[in-house]
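Let me begin by presenting the structure, written as structure tokens, before commenting on it.
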Amino acid sequence: MFEKSAASDKKRWEARMTVKHLLVHKGRDVWTIDPDATVLEALAKMAEKDVGSLVVMDGERLVGIITERHYSRNIILKGKTSPTTLVREIMESNVIHVRADQSVELCMALMTEKRVRHLPVIEDTKVIGLVSIGDLLKFIISKKEFAIDQLEHYIQGGIAA
Ligand SMILES: NC(=O)c1ccc[n+]([C@@H]2O[C@H](COP(=O)([O-])OP(=O)(O)OC[C@H]3O[C@@H](n4cnc5c(N)ncnc54)[C@H](O)[C@@H]3O)[C@@H](O)[C@H]2O)c1
């Protein structure tokens, strides 16, 4: 009985934690690239910024996302080279994204279901952040002690009652 209510409380906690909370920890920098840049330029920028993805922007408009995976699957294996291939040729243009008010739980579900590791965060039409699978894990682990404290509190409260 107590275990059941503690578990459902944990579920509610997970659902309450939003992308906005995560961005407070992670920051709102978004690294971008032009669709007409070469894949080599994209790789150089990923290395310089130490990130595994770049949001592809045509001016102010989000048009795609390119990740290390797009590179590893679409260049050498398809007989192309990174200096002669444009970002637009290998990027994903159907970008799975989230809003800041959506839950961390939803991000996990989306990443699992859609098999993506990076989710741009969109507000109106603007990209205001980016969440990676590593960010989600880091955030959840950092909150884990708090969740355990909460569970202990409820269990002890239940035993005392
Ligand atoms: N998430 C982190 O804080 C972090 C930091 C350094 C290294 N790593 C390690 O790197 C590996 C993959 O990590 P990952 O899943 O976080 O992916 P990743 O390597 O793409 O992301 C690393 C960090 O860069 C950020 N990032 C990625 N693309 C970005 C972009 N276009 N604009 C702004 N920020 C961007 C992510 O949000 C994350 O904070 C894991 O082994 C992880 O342990 C993670």
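Dividing the helix sum by the residues of the chain, where each DSSP H run of 4 or more adds -39500 (n - 2.57), gives a mean residue ellipticity at 222 nm of -16000 deg cm²/dmol.
Applying 0.36 nm per residue to the separation of ILE141 and ILE122 and subtracting their alpha-carbon distance, the gain on full extension is 4.4 nm.
Counting only residues at least eight positions apart within a chain, or on another chain, the aspartates and glutamates with an alpha carbon under 16 Å from that of LYS45 are ASP29, ASP34, ASP36, GLU68. Mean-square fluctuations from a GNM of the chain, with a 10 angstrom spring cutoff on Cα atoms, peak among ILE76, ILE122, ILE33 at ILE76. Relative to the longest principal axis of the Cα atoms of the chain, the long axis of helix 104-114 makes an angle of roughly 50 degrees.
Ordered by the number of other Cβ atoms lying within 10 Å of each residue's own Cβ, fewest first, THR38, THR67, THR81 fall into the sequence THR81, THR38, THR67. Computed from Cα atoms, the angle from the helix 133-160 axis to the main principal axis of the chain rounds to 10 degrees.
With angles folded into 0 to 90 degrees, how steeply does helix 39-49 sit against the dominant principal axis of the chain? Use alpha carbons for both and round to 10. Tilt of helix 39-49: around 40 degrees.
Sorting 135-142, 39-46 by average packing, meaning the other beta carbons within 10 Å per residue, from highest down gives 39-46, 135-142.
We did not get these values from a lab; they are worked out from the coordinates using the rules stated. Model, not experiment: these values are computed from the prediction. All Cβ positions, even for glycine, are placed from backbone atoms using ideal geometry, and neighbour counts span all protein chains on display.
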